[in-house]
Amino acid sequence: MDNMGLDLKDLDLKPGLKGWYSSGLRYLLCPDKDQSEPGNAPLEASNAELCFPEPWARIYNSRSTGCTSVWTYWQLPLDLGPQASVERKRLFQNIVSALNWPQEHLVFWPLSAINTEGLLPRTDLFHQGVLLLKPLYILCFGDQAFASLFPGNSKEYGLFKVDQINYIYLPGPEDMLPDNKQAKRIVWSTLKNL
């Protein structure tokens, strides 16, 4: 899997959007409501907001700078809303607390979204955020998260590079809970060495 680049065929985009993506379009800017009124000065990029849907917009707007690492797992959108798993949230809170990293060093960024049938991949929004956040590492927890980012590829846990981005594939919360010490040991030994 050395040649596991993020080719256009690997992106989960609607066919009508692939042409835009291959031309370089990665995100859109929305006009600031106050400046979009007639008679106001033209909108400058520094006064614009990115058009992410929830929960991406809330996460993106709540951070003050870029980040060192992006953390993601398949069930993350559930844990950002009213359907949150107390066990998963506690697991990740304990990991972050034990690492003692400054809060601005990491961002939890979803790669899936909630719909009427459950969760579906939204790797388009995930990749937009990665381009803007410019993390040094992307921590991908669990098989389902990995499969949505890299369909058809298999990989052992650990660090690998794709298009100059450092990915770290780790056991997911479903692997670590309720108390799988081996899966937790893999996660801890990897993260404490970053």
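Dipole magnitude for the range 82-132: about 140 debye, using +1 per Lys or Arg Cβ and -1 per Asp or Glu Cβ, origin at the Cα centre.
List the pairs from K134/K184; K89/K161; K155/K184 whose alpha-carbon separation is above 22 Å, in the order I gave them. Those over the limit are K134/K184; K89/K161. Once both labels are positioned 7 Å from their Cα atoms along Cα-to-Cβ, the gap between T68 and V86 label points is 3.2 nm.
Surface analysis of the range 57-121 yields an accessible area of 53 Å² per residue, using protein heavy atoms and a 1.4 Å probe.
The values are calculated or read from the model by the stated rules, or taken from the named source; none is laboratory data. For clarity, every value in this text was computed on a predicted model and none was experimentally measured. Note: ideal-geometry Cβ built from the backbone for every residue, glycine included; neighbour counts use all protein chains shown. The accessibility values were calculated without ligands, DNA or RNA, using every heavy atom of the protein model including side chains. Shrake-Rupley method; radii C 1.70, N 1.55, O 1.52, S 1.80 Å.
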